[in-house]
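For reference, the structure is listed below as C-alpha cells.
The values are calculated or read from the model by the stated rules, or taken from the named source; none is laboratory data. What you are looking at is a predicted structure, and each value in this text was computed from that prediction instead of being measured. Here the Cβ positions follow ideal geometry from the backbone for every residue, glycine too, while neighbour counts run over all protein chains shown. Ligands, DNA and RNA are stripped out before the accessible areas are found, and what is left, the full protein with its side chains, is counted by its heavy atoms. Shrake-Rupley method; radii C 1.70, N 1.55, O 1.52, S 1.80 Å.
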Amino acid sequence: MPVMPGAEPYHHKGGQIGVLLCHGFTGSPQSLRPWGEHLAAAGLTVALPRLPGHGTTWQEMNRTRWEDWYAELDRTLADLRGRCTEIFVMGLSMGGCMALRLAQVHGAGIRGLVIVNPSVTSDVPLLRLAPLLGLVVPSVPGVAGDIKKEGAIELGYTRTPVRAAASLTRLWALTQAELGKVTQPVLVFHSPQDHVVKPASVRILRERLSGGNLNVVELNDSYHVATLDNDADRIFSGSLEFVHANASVPLQAD
C-alpha cells in the first residue's frame, strides 16, 4: 500500500540517549517530524515509526487495531534499547496513551515520558458507540487537523475508520487500570482549547499519578495538534530540557 508523501517514518542515529516518538490516531509521522528533527539536532537518537494502517488509507486502517499499533512501537523500542543506554518515550494524543502503556510494561527500561494532549479515556459519545457503529458504517468524519496556527496542516485522514476506533476503548481501559505502574517522570503539555481530546484525560492523569512524578504545562495558543501549532517550540525546547534533567548519561552530539 503506497504511503502518503510526508507520512514516512523518521530515524536519526545520534548518541547514547534514544527517543521513541509516537504519533496519534489517524495521523502520521508528519505531525511529529519537526519535534524529532529538533531532538536529533541536539544529538539524540530518534525513532519515529509509522503505525500500521496510518499514512495510507482509512480503509486499510480499518483492518488494524490498537494491538497492531502498539506492537510496532514495542518493536521500535526494542531496537532503540539495543543501541542506546537510556530511552525516553514521547507522544501526541493516542501516541501519549501508547507512551504510558509502554512505560507500564517496560518499567525502568523507560527513563521518562513527554506527552502532548494525551487521550486516555472515551470522553466523546460517538467513540463509546463505535463497537456497535462499526457494524453499520465503516467510517465517520475525521478528527485530524485541529490546529490554530494559520497555514499549518496535519497529514491525516479525513475519515475516521470506525472498527479501528472501536479498539481504542480496550487500550484506554487497560492503560487507566495500570496507571499506578507509571513511576517514571511524566511531562504533559496540555491545550485547554483542544477540540479533539476533552479535559477528562488530563484530569485522570492528575488523579492517578499522585506520586509527584507528573508535571502539566498548559499551551494557551494551540489546539490539539500542538506539535505543529503556535506552541510547538515550547514543546520542543521543554522536552529537551526534560531529557537533560532526567537522563543519567550525557547527550552526545554527532
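Per Stokes-Einstein, at 20 °C and 1.002 mPa s, what whole-number D in µm² s⁻¹ belongs to segment 10-246, with the Kirkwood radius over Cα pairs as the hydrodynamic radius? Estimated diffusion coefficient is 123 µm²/s. The antiparallel fraction among DSSP beta bridges confined to segment 10-246 stands at about 20%.
At an R0 of 25 angstrom, the distance between the Cβ atoms of Ala173 and Ser210 translates into a FRET efficiency of 0.80. What you get for the chain, charging only the Cβ of Lys and Arg (+1) and of Asp and Glu (-1), is a dipole of about 660 debye around the Cα centre.
Applying the Karplus relation 6.51 cos²θ - 1.76 cosθ + 1.60 with θ = phi - 60° to segment 138-152 yields 3J(HN,Hα) values of x, 8, 9, x, x, 10, 5, x, 7, 9, 7, 5, 5, x, 7 Hz, where x marks Gly and Pro.
Identify, among Gly15, Thr45, Phe88, the residue whose Cα sits farthest towards the positive end of the charge dipole of the chain, taking +1 on the Cβ of Lys and Arg and -1 on the Cβ of Asp and Glu, with the dipole about the Cα centre. About the Cα centre, the residue reaching furthest to the positive side is Phe88. Amide H contacts under 5 Å for Val216: Val188, restricted to partners 5 or more places along the chain or on a different chain, H placed in the peptide plane at 1.01 Å from N.
Kindly report the accessible area of the chain per residue (heavy atoms of protein chains, probe 1.4 Å, no ligands, DNA or RNA), in Å². In whole numbers, the chain has 41 Å² accessible per residue. To put it simply, the accessible area of the chain at a 1.4 Å probe is 53 percent carbon and sulfur.
Of the trypsin sites (Lys or Arg not before Pro) found in segment 21-104, the ones in coil according to DSSP and having at most 14 other Cβ atoms within 10 Å of their Cβ are Arg63.
Phi angles of segment 37-54 translate, via the Karplus equation with coefficients 6.51, -1.76, 1.60 and θ = phi - 60°, into HN-Hα couplings of 5, 5, 5, 5, 5, 8, x, 7, 7, 10, 10, 10, x, 8, 6, x, x, 9 Hz per residue; Gly and Pro are given as x.
Take every Cα pair under 8 Å whose residues are at least 6 apart in sequence, average their separation, divide by the length of segment 10-246, and the relative contact order is 22 percent.
Within segment 9-50, what residues put their amide N at less than 16 Å from the label point 7 Å along the Cα-to-Cβ vector of Lys149? What the label zone holds, given the 16 Å backbone N cut-off, is 28-39.
Our note on the geometry: Cα centres of segment 58-98 and segment 1-27, 10 Å apart.
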